[in-house]
Every structure is written in structure tokens, then in C-alpha cells.
């Protein structure tokens, strides 16, 4: 029974590196899907002028208050796997390429053991 794993990668280059490694390891090209979450306007972010309170950050500098946080989730990769062994191989390759699992349910499941 096939299942899928989903990971976020920091850049298209990282996603492409992961895709190349997955293919070299024998994964099916039709089972690897990359969804880029940026477009010509930049990362998918809100259009609102927001920032942290200078009282919280300790100063009113742009760097401290208004600079957006570094993003590490610009590409989403979905990999179809056939079994637990494939899931583990894919997870190792993706992690090596900088992928992160952002599903909070997975973290909660690991911490309950």
C-alpha cells in the first residue's frame, strides 16, 4: 500500500538536489512532486505592514522590529513510498538536502514514545 511523505525545503535548488538523489536511489519520477510556494512576486507572505513591538525587541531598528524572519519552507516536496523501508530511505535523503517535517502531529507522536 502506497503512502506519501511531505517535507518543506528551503529553496528550489535544495528541492532539485533532493529530487536528483531520490531518482538516483530508484524512486519513481512520477512519485515525486515539487510545489514551489514562491512566484515572481516573492514568497507567499501577507501584504500587511507588521512588526514586533519595539518594547518587546528592545529597539526600533528595522533589523530588530520589521525584518521578516528567515524562511525555510519555500518548496514542498511530496514523495510516494511503497513501504516503511522506502519511507526511511526517502526521509534520510530529504533530511540530507535540508528538508523539514512541519507537521506538528509527527512531532507529538515522536514525543509520546
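State the number of residues belonging to region 95-113 that are assigned to a helix (DSSP H, G or I) and at pLDDT 90 or above. Explain how you work it out, then say what you get.
Residues of region 95-113 assigned to a helix (DSSP H, G or I): 95-96, 104-111.
So of that shortlist, the ones also at pLDDT 90 or above come out as 95-96.
Residues meeting the conditions: 2.
Take the conditions (1) surrounded by 11 or more Cβ atoms within 10 Å (Cβ to Cβ); (2) in a loop (DSSP other than H, G, I, E, B); (3) modelled with pLDDT of 90 or more; residue 26 misses just one of them, which is (1).
Residue by residue, here is whether (1) modelled with pLDDT of 90 or more; (2) in a helix (DSSP H, G or I) holds:
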site	(1), (2)
5	yes, no
45	no, no
48	no, no
72	no, no
77	yes, no
93	yes, yes
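The values are calculated or read from the model by the stated rules, or taken from the named source; none is laboratory data. Being a predicted model, the structure only gives us computed values, none of them experimental. All Cβ positions, glycine included, derive from the backbone under ideal geometry; neighbour counts span all protein chains shown.
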